[in-house]
Amino acid sequence: MSQETPVSLLTPAGRQKLIEDEFLAGYMAYFRKAEDTRRWRVHKDIPWEQCNPEVSEDVTTMVEGYFAVESYLPDYTSTMLDMIRKSRGRAWFTANWGYEESKHAMAWETWLTTSGKRTEKQMREYSEFLAEKEWNLPYDTPRRMMVYQMVQERATYLNYHNLAARVEERENDPALATALRIISKDEIAHHGFFYKGIQIYMKYEPQGTLDDILHILKTFGMPARNFLYNWNEFEEVVARAGIYGAREHIRDVQNPILNALGYENRRDLERAALRLRIAPESIGPQTLPPWVKEPADRAANDVVVSVGE
Ligand SMILES: [Fe+2]
Ligand SMILES: [Fe+2]
């Protein structure tokens, strides 16, 4: 068994081993790149002295919301590590990811207090309020969680990227703009790791992976809705500003992911998932026939015959 063995000839255990080998290689590449190009320091690389106390309340509400979401780091890491502890690539990624995410919560708290928008006492009280609630895994398998993380990291990137543009345009706060730019790079790198992981799953477990992507796209919700004391206000503020809402999610999160994976939109993916479900067990992605992405106007018989060709 090796990476040259056709996927259709692999046993389930063989597939798992190759998936894990590729996750580990993916993490090593991710880590090297992060060390070389993306490391930054909360206390030195953001010009905190340029915080602007006049920043609008809307932007403050957004940063406070992001602080709340990033504060659940202990729950995110402990539940994930519990689920994927035997996967060396994913477990070590999670440890490193936790380090990167911890700086995000620190940066938002530093901005809120340095700008004078919130006092240290308020932040302490909010942290205590947040600690009372617990975050649980929204999906029940490692593969589904990877799809969820792929989507959620891209959505987070979009939030920070769009807010950075708004702050640069209207708020005159180089500290916040710099933090948003730096942190959005971390988020898109996280997205990239999970996206590559999903490509690996697609290679070895195409049918289940397509089903999972479909399921997560249909049921996805950002974690923020579970924690924020002012979720409705936060949701409204980010949507009104054109930072993140249903439209942005489809256009700038869901569709780019689907396009990168080779699907035009969700319906296109749905057709592919349906057709793979009736394909023989042994079919591997290297043998995916063109009908997988054709419009669904062929009789099922035609489809099954063409699989054998
Ligand atoms: Fe983050
Ligand atoms: Fe992230």
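Computed from the coordinates by the stated procedures, all read-outs in this text should not be read as laboratory data. Owing to the predicted nature of the structure, the values given are computational and were not obtained by experimental measurement. In this analysis, Cβ positions are derived from the backbone assuming ideal geometry, glycine residues included, and neighbour counts consider all displayed protein chains.
Using only the Cα atoms of the chain, construct the convex hull and provide its projected area averaged over every direction, in square nanometres to one decimal. Intermediate values should be presented prior to the final figure.
On the way: hull surface 67.9 nm².
For the chain, averaging the hull's shadow over all directions gives 17.0 nm².
Cβ-Cβ distance of Lys86 and Arg251, R₀ of 41 Å, FRET efficiency by 1/(1 + (r/R0)^6): the value works out to about 0.65. Projecting the Cα atoms of Trp40, Gly26, Met62 onto the charge dipole of the stretch 14-90 (Cβ charges, centred on the Cα centre) puts Gly26 farthest toward the positive pole.
The equivalent ellipsoid of the stretch 79-200 has semi-axes of 29, 19, 11 Å, largest first, where each one is the square root of 5 times an eigenvalue of the Cα gyration tensor. Taking 0.36 nm per residue of separation and subtracting the Cα-Cα distance, full extension of the segment from Ser127 to Thr219 would add 30.3 nm.
Using C-alpha pairs below 8 Å separated by at least 6 residues, the relative contact order for the chain is 23 percent. Rounded to the nearest 10 degrees, the inclination of helix 142-170 to the longest alpha-carbon principal axis of the chain is 40 degrees.
Using C-alpha pairs under 8 Å with a sequence gap of at least 6, the mean separation divided by the residue count of the stretch 1-132 gives a relative contact order of 33 percent. With each label modelled as a point 7 angstrom along the Cα→C-beta vector, the Ile188-Ala241 pair spans 1.9 nm. As I understand it, the value is the acute angle between the Cα axis of helix 231-240 and the longest principal axis of the Cα atoms of the chain; what does it come to in degrees, rounded to 10? So the helix axis and the longest Cα principal axis differ by about 80 degrees. Rounded to whole numbers, the Karplus 3J(HN,Hα) couplings from phi for the stretch 82-94 are 4, 6, 10, 4, 7, 8, 4, x, 6, 5, 5, 4, 4 Hz, using 6.51 cos²θ - 1.76 cosθ + 1.60 with θ = phi - 60°, and x at Gly and Pro. If you take the Cα centroid of the stretch 13-89 and the Cα centroid of the stretch 216-262, the two points sit 18 Å apart. What the Cα convex hull of the stretch 185-250 gives, in volume per residue, is 110 Å³.
Using Cβ counts within 10 Å as a stand-in for footprinting exposure, how do Thr219, Thr94 rank, fewest first? Intermediate results must be reported in sequence, preceding the final value.
Values: Thr219 11, Thr94 22.
Ascending number of Cβ neighbours within 10 Å: Thr219, Thr94.
Loop-located GluC sites (Glu not before Pro) across the stretch 5-66 with a Cβ neighbour count of 12 or fewer within 10 Å are Glu54, with loop assigned by DSSP.
Using a cutoff of 8 angstrom between alpha carbon atoms and counting only pairs six or more residues apart, the relative contact order for the stretch 59-156 works out to 37 percent.
If you look at the Cα atoms of the stretch 1-63, you get an Rg and a Dmax of 22.7, 64 Å. With 19 Å as the cut-off, how large is the P(r) tail for the stretch 14-146, expressed as percent of Cα-Cα pairs? Percent of Cα pairs beyond 19 Å in the stretch 14-146: 60.
For the chain, the longest principal axis of the alpha carbon atoms and the long axis of helix 12-37 meet at an angle near 30°. Here the residues Met123, Met28, Met80, ranked from fewest to most Cβ neighbours within 10 Å of their Cβ, fall in the order Met28, Met123, Met80.
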